[in-house]
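Asker: Questions regarding the structure given below will be posed in turn.
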Amino acid sequence: MEIRKFESFSLQDAIKLVKLELGRDAVILSTKEKEIYSEELQKNCRIYEVTASPSATVHGKVINPKSAEHLPKVDFPRIKPRNEATVVKGDPTPNRQKNSLISPTLSTLNQETRNMARSLASALTKEPAKERLFAKETINVTSSSEMNEQTLEEMNVLKSEISKVRKELESLPQVDITEQMQEIKVLLHDIMREKYKKSTDNGNSYVTDIGIRLRSAGVSENFISHLTTWLNTLEDPKNKEDLINSPEKTKEFYLSSAIKFIFKYLKVTGPFRVDKNKKKVVCFVGPTGVGKTTTLAKIAAKLKLTDSADVEMISMDSYRIAASDQLRVYSKILDCHFAEISDKNELVNYISKHNNYDYILIDTAGRSSRFSDQMETLKRLAEAPLPIEFHLVLSCTMKQRDIDETIRGFRFLTPSSLIFTKLDESWAFGEILNTSVQNKLPLSYFTTGQRVPEDIEIASKERVVERLLKL
């Protein structure tokens, strides 16, 4: 049996060599991976060695392996591809080795090309496969030294082009992006002003300006429409003697009227107050990631440090990793008692035994109102025989649609107030007004950062208006 070995940089290329030399019916006996030293590359290269023999069948009859040695040998020639890609014989460079394996079917070539292919094949078969693979002579190709010179020349050209581009970029004038953003902001403001003027009846520029401010803050169109309609029904301030020929006073008149209108619909609760004759159990609820735990710690710190209240912290968050540990650390810093409770019954028993605190603040796991199974724990907690106040914690970074769906999902708890967090991360505050007015829920606290207890403030109408109108 004729056994031959073929070597290449990839197993696929080695198999292609087998098919090229021994035919498609060749039998692969073994494959092996090994390393050799390439003099041209001056380093060790990993190659694949495939041991194969020609097929032991002729016209469908099985031939004895010994007699296979006497079978006529058919040489499948190595030919030049139609795209005239360079065929390299014996260059160990991987990219060139792939080009050397391109072999169209002989029947698709003309007679002259077939004759050339056969003559090339007969010349190639005179050398062992291994020698052919790593031989340095080439057929109709540029020598490796010439290729290296060409590559170096191309690299120098590329370096020159890159250098030119770098110099051009460095010569460009520095642009102040902040200034451009401010110009865009002013332009958009003017566009909104003109658009809003067309939609108003009398084109009052002062009313228009207020509407633009509220719209840019994210206030709902319904509220803006009610406000501007009411402002346009007011007595023309020009008829008042003290406002004649005074644009500033006229502007102040409409602005103060708008503020009064907002104050009329906006509700706030004020801070948590300590009543020594009445113990309060407060539970913080809301979606995941709004900052319930940190908000609880900030309020506890205010009660403890400002009002000298006896505060206890309870964690019912068994979902989030290290949530209880975070609250436990806060309790140690504030010198407050801490407990970790898992369900409603345990909470009822615990509170009945620890009723000597002014405030019991309960932290819960984040819940999604989209999944009813996640709300079951809160429903059972709401059914507990305890005077629990639920305060809904929301983030200013949430979209209005998400806030509306969250309010709808937590409505069964009858929240006592809304707490808005992450005001420092938001650019628009219209959601605060929209949510409070539409759902008739008062505001209690705003948080403006991560520091405990500094970054929390009591919700007030003045602060809301200041942020909405950018006063």
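Asker: Filter 298/379; 280/353; 302/399 down to the pairs with a C-alpha to C-alpha distance above 22 Å, please. Intermediate values should be presented prior to the final figure.
Answerer: Numbers: 298/379 26 Å; 280/353 15 Å; 302/399 29 Å.
From 298/379; 280/353; 302/399, over 22 Å: 298/379; 302/399.
Asker: With a 10 Å Cβ neighbour count serving as the proxy for reagent exposure, in which order, fewest first, do 379, 167, 304 appear? Kindly include the intermediate steps, with their values, before the conclusion.
Answerer: Working: 379 12, 167 9, 304 19.
If I rank by nearby Cβ atoms, fewest first, I get 167, 379, 304.
Values quoted throughout were computed directly from the atomic coordinates according to the rules given, and no laboratory measurement underlies them. None of these values were measured; they are calculated from a predicted model. In this analysis, Cβ positions are derived from the backbone assuming ideal geometry, glycine residues included, and neighbour counts consider all displayed protein chains.
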